[in-house]
Amino acid sequence: NQPNVDEKRTVVKSNYLPIREHIRTIIEEKKSNLCLSADLTNLDEIIELSKQVGDYICLLKIHCDILNDFTMEKIRQLKTISKEKNFLLFEDRKFADIGNTVSLQYTKGLSQICEWADLVTVHALPGDGILKALEESSKEVGEPRGCFLLAQMSSKGALTDEKYVKATVQYAEKYQNFVIGFIAQSRLSTSSNIDYIHCTPGVHINSSEDKFGQQYISPAEAVLQRGADVIICGRAILESNDRVQTAKLYQTEGYKAYQQKRQ
Ligand code: 5IU
């Protein structure tokens, strides 16, 4: 006997913290505002890595479409680790199609993203039907789901100008339960007093760019000058000699700045 959708919604309301609050709680409890961007092509490797660094991160971001060995069984293993280690799973899908299509991409296919991803990324470009569709689909699972709207990108030549950012913020306000924050390179001004989570990718201590236009700043600059709550780090950690020690370093640097900013 499956509960119907309304019953599931009640479950969501009664058993879980709203996802925005949940992230803030994780950040404080674990003293970590670090999102590891595990851009690896092997899910077994991500599972192992998550066991090693799970204590030092608040979010684990993946791209499920680059995995050579994706199975629902493995992703459920990762989900179990995320619950044990208290971080949220974040699929960086960057949805960008019409509502009907994204809803299928979110819930169907080999990866059934909505089943396991606490969070996803969404482009505002197609208009706000994309948010209506994803939010509606997300209600079919018995756990809270949210998304980050892409407001600004870290890459050179990004087309996200001021007008685009403004319109993106307006969509976020309209879907304020589902949109829990932004991927951005600066603190965005909103007309409500909602504490949107700002995530900033393009964070590296030893590098300023890559050969494809990625642009890097330090954890302190991301948090204190750009206003990030969460720093997103990929290759800075993945390509280091010691991923665990480097994750700890970014955790420390990121959280020190986070505390300084919130004082
Ligand atoms: N990412 C960016 N910049 C953006 C957005 C997403 O780098 O503006 I939106 C993603 C891409 C990659 C990760 O998965 O964040 C950054 O990886 P590196 O830290 O390895 O550059």
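Every number in this text was worked out from the coordinates using simple rules, so none of it is lab data. In this text, all values refer to a predicted model and were calculated from it rather than measured experimentally. With ideal geometry, Cβ positions are generated from the backbone for all residues, glycine too; neighbour counts draw on all protein chains shown.
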Please report the antiparallel percentage of the DSSP beta bridges confined to the chain, to the nearest 5. 5
With a cut-off of 8 Å between alpha carbons and a minimum separation of six or more residues, what is the relative contact order of the chain in percent? 19
Tensor-based shape of region 57-196 (alpha-carbon gyration tensor, a/c under 1.5 rounded, otherwise prolate or oblate): prolate
Sequence order, region 177-184: Karplus ³J(HN,Hα) from phi using 6.51 cos²θ - 1.76 cosθ + 1.60, θ = phi - 60°, Hz rounded, Gly and Pro as x, gives 7, 8, 7, 8, x, 10, 9, 8
Difference of contour (0.36 nm per residue) and Cα-Cα distance, GLU115 to HIS63: 17.2 nm
Unsatisfied cross-links (Cα-Cα over 27 Å) in the set LYS83/LYS139; LYS51/LYS256; LYS132/LYS156; LYS31/LYS51: LYS132/LYS156
Test of the criteria: in region 126-180, which GluC sites (Glu not before Pro) are in a DSSP loop and have at most 16 other Cβ atoms within 10 angstrom of their Cβ? GLU140
Length gained when the stretch LYS83-ILE98 is fully extended (0.36 nm per residue, less Cα-Cα span): 2.2 nm
Work out, step by step, the length gained on full extension between GLU221 and ASN42: first 0.36 nm times the residue separation, then minus their alpha carbon distance; give nm to one decimal. 61.3 nm
So if R0 is 51 Å, what FRET efficiency would LYS163 and GLU28 give, r being the distance between their Cβ atoms, rounded to the nearest 0.05? 0.90
Gyration tensor (alpha-carbon) shape descriptor, region 116-251, a/c threshold 1.5: prolate
For the chain, shape from the Cα gyration tensor axes a ≥ b ≥ c, cut at a/c of 1.5 then a/b versus b/c, turns out rounded
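Report the FRET efficiency, 1/(1 + (r/R0)^6), for GLU239 and GLN176, where r is their Cβ-Cβ distance and R0 is 41 Å, rounded to 0.05. Could the numbers behind the result be given before it?
Values: r = 37 Å, r/R0 = 0.90.
Using R0 = 41 Å, I get an efficiency of 0.65.
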